[in-house]
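The values are calculated or read from the model by the stated rules, or taken from the named source; none is laboratory data. Given the structure is predicted, the values throughout are model-derived calculations rather than measurements. Note that each Cβ is placed from the backbone with ideal geometry, even for glycine, and that neighbours are counted across all protein chains shown. Quick note on the areas: whole protein, heavy atoms, side chains included, nothing else; ligands and nucleic acids left out. Shrake-Rupley method; radii C 1.70, N 1.55, O 1.52, S 1.80 Å.
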There are 2 protein chains.
Amino acid sequence: MPSSPMTETHCELCQTEGGQVLVRARLWRIIDAGDPVFAGFTRVVWNAHVKEMTDLDSDSQARLIAIVLRVERVMRETLEPHKINLASLGNQVAHLHWHVIPRWEDDLAFPAPIWNAPAPGPDKATLAGLRSATVNSRLSDYHQALINEFQNET
Amino acid sequence: MPSSPMTETHCELCQTEGGQVLVRARLWRIIDAGDPVFAGFTRVVWNAHVKEMTDLDSDSQARLIAIVLRVERVMRETLEPHKINLASLGNQVAHLHWHVIPRWEDDLAFPAPIWNAPAPGPDKATLAGLRSATVNSRLSDYHQALINEFQNET
């Protein structure tokens with residue numbers, strides 16, 4: 001494992017939480033991304049400043065993925081999305097974090113990735129607005145379910 | 001684990017390989033995505049028709065992620081990208097597969113995700129063309145390294 005500093009001065013995920021912290025453990029944290037369009041968008045951030053999954057040792061890799069997949073499970077159970085999107089990109093903030101994104105067939109971008117949502121026509125915008133309202137109404141249940149899921153993690 | 005058929009009639013990844021197969025094992029395969037812009041774009045496909053990571057049992061989840069991360073390691077060693085992007089989206093083809101994408105600061109989309117590459121200006125297009133040529137010149141070494149890495153997998 002290449003050495004890397006625990007924190008970096010110019011890294012957004014070292015200097016800020018990156019969103020509303022739902023669960024904090026010693027090695028990682030779960031945050032609500034606060035995305036105004038894609039409600040429920042959740043991130044799992046590795047606390048130390050590491051760039052890639054393969055910069056972690058295999059135990060840490062397995063630990064982080066296990067957390068991501070427990071978030072996926074809780075998300076499926078409480079938000080009931082049509083699809084889950086998982087991604088670790090880090091092109092803009094090269095500090096290891098996973099996106100866990102609930103997707104619905106009537107959301108603003110589906111079936112495109114959220115990052116290239118086409119400009120919606122009025123019908124699509126209306127449907128997506130209704131979907132967002134539904135998701136938002138379940139968001140506190142989802143967040144509470146995450147807190148319960150990870151309450152014994154340190 | 002919810003029951004799911006091994007193959008589906010209307011699924012592109014059940015009915016076709018999805019790209020040039022580099023490594024084939026009983027449970028998964030590694031394919032070159034053949035992306036004309038993002039050379040080196042690789043996919044790890046779970047052979048059975050399963051939608052989400054959390055539809056796999058934990059052993060299968062760990063096995064699949066381990067393969068994805070071995071691809072990431074070989075990609076870093078041979079193509080030396082500036083960043084790796086990992087993603088399991090499946091909005092268009094809801095059959096579990098992982099994208100492993102090498103990214104360079106002078107590629108056509110960086111730092112955006114590859115799915116929303118802005119229309120490039122002439123300078124950016126020239127740089128991206130040079131980058132693609134460099135990556136293409138290493139592609140056969142990368143593919144051979146993958147074949148070597150997984151030669152004992154069944």
Take the conditions modelled with pLDDT of 95 or more and either at the interface with chain A (Cβ under 10 Å from one of its Cβ atoms) or in contact with a Phe, Trp or Tyr (Cβ under 9 Å, 6 or more places away or on another chain) (or both) and apply them to residue B:145. Does it pass? no
Restricting the search to segment B:59-76, which residues are open to solvent by 10 Å² or more (accessible area, probe 1.4 Å) and out of contact with any helix residue (DSSP H, G or I) (no Cβ under 7 Å at 6 or more places or on another chain)? B:59, B:60, B:63, B:66
In segment B:132-150, anything open to solvent by 60 Å² or more (accessible area, probe 1.4 Å) and either under 18 Å from the mean Cα position of the chain (by Cα) or under 22 Å from residue A:109 (Cβ atoms) (or both) is listed as B:136, B:138, B:140, B:141, B:144, B:147, B:148
Scanning segment A:64-76 residue by residue, the ones that are more than 9 Å from chain B (Cβ to nearest Cβ) and over 20 Å from residue A:140 (Cα atoms) total 1
Restricting to segment B:97-108, and then to whatever is touching a residue at least 60 places away in the same chain (Cβ under 8 Å) and among the aliphatic types (A, V, I, L, M), can you tell me which residue is nearest to the other protein chains (Cβ to nearest Cβ)? B:101
Filter pass, residue A:123 being over 19 Å from residue B:55 (Cβ atoms) and part of a loop (DSSP other than H, G, I, E, B): no
Failed criterion for residue B:116 (all others in (1) under 21 Å from residue A:54 (Cα atoms); (2) facing another protein chain (nearest Cβ under 10 Å) hold): (1)
Out of the residues in segment B:39-63 meeting the condition of being touching a strand residue (DSSP E or B) at 6+ places or on another chain (Cβ under 8 Å) and facing another protein chain (nearest Cβ under 10 Å), tell me which one is farthest from residue A:50 (Cα to Cα). B:51
Reported set for segment A:99-131 where residues are open to solvent by 30 Å² or more (accessible area, probe 1.4 Å) and under 19 Å from residue A:34 (Cβ atoms) is A:108, A:115, A:117, A:129, A:131
Exception for residue B:13 within (1) open to solvent by 40 Å² or more (accessible area, probe 1.4 Å); (2) within 19 Å of the chain's Cα centre (by Cα) falls at (1)
Considering only residues of segment B:35-58 that are over 23 Å from residue B:130 (Cα atoms) and of a type in the set (Ser, Thr, Tyr), which is most open to solvent (accessible area, probe 1.4 Å)? B:58
Considering each residue of segment B:77-96, count those that are in contact (Cβ under 8 Å) with a residue 12 or more places away in the chain, more than 8 Å from chain A (Cβ to nearest Cβ) and open to solvent by 10 Å² or more (accessible area, probe 1.4 Å), and give that number. 5
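Conditions (1) of a type in the set (Val, Ile, Thr); (2) in contact (Cβ under 8 Å) with a residue 12 or more places away in the chain, marked per residue:
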| position | (1), (2) |
| --- | --- |
| B:117 | no, yes |
| B:121 | no, no |
| B:124 | no, yes |
| B:128 | no, yes |
| B:131 | no, yes |
| B:135 | yes, yes |
| B:141 | no, yes |
| B:146 | no, yes |
| B:154 | yes, yes |
